[in-house]
Each structure stands twice: as structure tokens, then as C-alpha cells.
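For reference, the structure discussed in these notes is given below.
Where a number appears in this text, it was derived from the coordinates with a stated rule and is not lab data. Just so it is clear, the structure is predicted and the values come from calculations on it, not from any experiment. So basically every Cβ, Gly included, is an ideal-geometry build from the backbone, and we count neighbours across all protein chains shown.
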Amino acid sequence: MKNIEELIQKAVDLQAKGLVTGQVADELNVSRETATWLLSRARKGEEIQAPKDISVDWSSIGKSSYRLRYISKVMADMVLDLLSQTNEDVDTIVGTTSSGVPIASLMAEELGTEFAVFHVLGQRVDNTHPGGIISRNFGNVDGKRCIIVDDVITSGSTISQVIKQLKEFGALPVGAAVLVDKRGTESISSVPVKAMIRIMRMD
């Protein structure tokens, strides 16, 4: 995205295709508050104060399976580093949302583990995070040691929901790996986080 007007138009286009605010936020890698602000800017006469957020466009990686494979190798190496620090093992890589799934799949191949998928459910009316489910079409997480993979951490709510769901299956989340951490966090719900890029605001 070159400027804010392009980002607003992209948000409007996604909403017109049937995506709700939370899905627009996930697709644009912005917070739900930012997605709400972008959509309100498109409506005349409605003005909401801009949230402090950063849009992440990693489509130059996502459009190339060659690039995705190498990024996944880097993230797998980060996971190995984390496991050596925590003296843990991993049985399953859990991909979240549509963006984390291809990376997680390639990481599972690289690390020789099983692969599981977490589906985020639709957004609630009050914009809170609804949680999600572990897909039964992929690896079983029952009692497994898991690494969670996502593309971008904005608020941490998606990874928090995955952690909660994994624990309900008796699984042990031993870490999370992401491309970009906009929250600047070392852990979420006591689960260590490794990020290729960590962004911190200096407000």
C-alpha cells in the first residue's frame, strides 16, 4: 500500500466482498480498531480518531512459494533456537488463519513435525475476538507439544485463543513464531514468542 487512501479502498473492497471488520483487519494486518477507522473514513460525515497502528504488507513474500519456503526455513531456525533455550521438544506446528497456514506447513516439513490448523471464527457484533477451532482435517494436537505460527501479532488475541484451545485439548503450547510482532512482546499467556521482525512504537 502506497498511502492511506489505497488502504482505505482496500478495506472497503474487502468489506464489499462480505468480510466483516475483524476479517478485514486480519487481511490487512492491522488492528480491529484500525480496520473500523479505515471503513469509517470511507463514509462521509463520520470521523473517528485514528488509532496508533502500523499496516504490514508482506505480499511480496506471500505471492511466491520460493520466498515462502526460505522465510519458513528462517522461522524454523528461530523455533530451534527457542527450543534450545527452553529445553523443550515440538511434535506439531499449528498454523493460524489463512496467512499463518502456508508458513506453518513449510515449517512442519522443515522440522519433521506434524501440521495442524487453527480456524478463527467470525467476529462478534461487539468486535471482540470469538476464538476458533482446531481443524480435524489436519494433525491431531491432543497431548502434543505445539508451536503456534502466525504472520503478524497486532493485539495478540489470535495467539491467545490458540493457546486456550490447545490447552483444552491437553496440548502444551511451547512457543509461537511470527513474521512481524507489532506489539513488541516476549510472550503471550506465558508462551514465549519469537518474531523475525519486532516493531516498537516510541510514543
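List of remarks:
- Using a simple spin-label model with pseudo-atoms 7 Å out from Cα toward Cβ, SER40 and ASN140 lie 4.8 nm apart.
- The chain: angle of helix 157-168 to the longest principal axis, Cα-based, in degrees nearest 10: 40
- Built amide H within the under 5 Å cut-off of ARG198, gap 5+: ASP181
- Cα-centred dipole magnitude for the chain, charges only on beta-carbon of K, R (+1) and D, E (-1), debye, nearest 20: 360
- Pairs with C-alpha atoms separated by more than 25 Å, drawn from the list LYS17/LYS63; LYS63/LYS182; LYS10/LYS167; LYS52/LYS194, are LYS10/LYS167.
- Peptides 81-89, 191-199, ordered by how many other C-beta atoms sit within 10 Å of their residues on average, highest first, read 191-199, 81-89.
- Taking amide H as placed 1.01 Å from N in the peptide plane, ARG145 has its amide H under 5 Å from the amide H of ASP91, THR92, LEU172, each at least 5 places away in sequence or on another chain.
- The calculated 222 nm mean residue ellipticity attributable to helices in the chain amounts to -13000 deg cm²/dmol, summing -39500 (n - 2.57) over DSSP H runs of n ≥ 4 and dividing by all residues.
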